[in-house]
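Here the structure is laid out as structure tokens; the discussion comes afterwards.
The values are calculated or read from the model by the stated rules, or taken from the named source; none is laboratory data. These numbers were taken from a predicted model, which means no experiment stands behind them. When we count neighbours, we look across all protein chains shown, and the Cβ atoms used for this are built from the backbone with ideal geometry, even at glycine.
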Amino acid sequence: MSDERFPTTWSGQTAVIAAAGEIDLTNAESLRDALLSAFNAGASCLVVDLTAVTFLDSAGVTALVRASRRASASDAALRLAVTAPAVLRVLNLVGIDQLIPIYPSVGTALDSLPQATVIDSSTHAPSESDATET
């Protein structure tokens with residue numbers, strides 16, 4: 001079950017999970033659960049929309065690493081969309097940028113996916129009100 005703080009938009013086997021605000025010890029486990037739930041539900045591609053995230057601590061990094069491990073184990077694609085300099089700095093310092101491809105927007109992350117799994121990035125609505133939650 002997806003946490004309503006992390007809405008999931010689906011198109012075929014591609015999921016986009018949006019996060020906002022601060023990702024820290026208080027909510028990183030819920031983010032991890034949302035990411036792993038998408039893979040459990042059959043996502044072959046997952047884009048984690050962190051464009052509205054302003055802070056990411058080690059618990060959030062751990063959630064992303066767990067999702068990366070699951071993606072690798074299931075031959076799924078995982079991409080991050082990140083814009084905040086502070087979040088990018090954390091991801092670069094711990095080497096996540098070497099583990100998971102990072103893009104400046106959800107659209108460019110979706111465009112990077114294998115053609116058979118790409119959803120139309122122009123139809124992705126990043127706002128929570130437009131997201132289909134699962």
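Here is a list: A15, A34. Which entry is of a type outside the set (V, I, T), under 15 Å from A59 (Cα atoms) and surrounded by 24 or more Cβ atoms within 10 Å (Cβ to Cβ)? Give the derivation first.
Numbers: A15 fails: under 15 Å from A59 (Cα atoms).
Step by step, each of A15, A34 is checked, and only A34 is of a type outside the set (V, I, T), under 15 Å from A59 (Cα atoms) and surrounded by 24 or more Cβ atoms within 10 Å (Cβ to Cβ).
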Legend entry - Pick from region 87-134, criterion of a type in the set (D, E, K, R), modelled with pLDDT under 50 and within 15 Å of the chain's Cα centre (by Cα), ranking: nearest to A71 (Cα to Cα): E133
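Could you list, in sequence order, the residues of region 12-37 that are of a type outside the set (A, V, I, L, M), touching a residue at least 12 places away in the same chain (Cβ under 8 Å), farther than 15 Å from L78 by Cβ and assigned to a loop (DSSP other than H, G, I, E, B)? Explain how you work it out, then say what you get.
As a first pass, look at region 12-37 and keep what is of a type outside the set (A, V, I, L, M): 12-14, 21-22, 24, 26-27, 29-30, 32-33, 37.
From what is left, the residues that are touching a residue at least 12 places away in the same chain (Cβ under 8 Å) are 12-14, 21-22, 24, 27, 29-30, 32-33, 37.
Next, only the ones that are farther than 15 Å from L78 by Cβ stay: 12, 21-22, 24, 27, 29-30, 33.
Across region 12-37, the qualifying residues are G12, D24, N27.
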Inset, instruction - Return yes when V47 is closer than 16 Å to L99 by Cβ, in contact (Cβ under 8 Å) with a residue 60 or more places away in the chain and of a type outside the set (G, A, S) and no when it is not. - result: yes
Inset, instruction - With respect to T9, determine if the residue is of a type in the set (S, T, N, Q), within 22 Å of S112 (Cβ to Cβ) and not in a helix (DSSP H, G or I). - result: yes
Legend entry - Neighbours by Cβ (under 6 Å, 6+ apart or cross-chain): first from region 51-69, closer than 12 Å to L91 by Cα and in a strand (DSSP E or B); second at pLDDT 95 or above and not aliphatic (A, V, I, L, M): F55/E22
Legend entry - Restricting region 70-95 to residues that are touching a helix residue (DSSP H, G or I) at 6+ places or on another chain (Cβ under 6 Å) and not in a loop (DSSP other than H, G, I, E, B), the residue that is nearest to T26 (Cα to Cα): L91
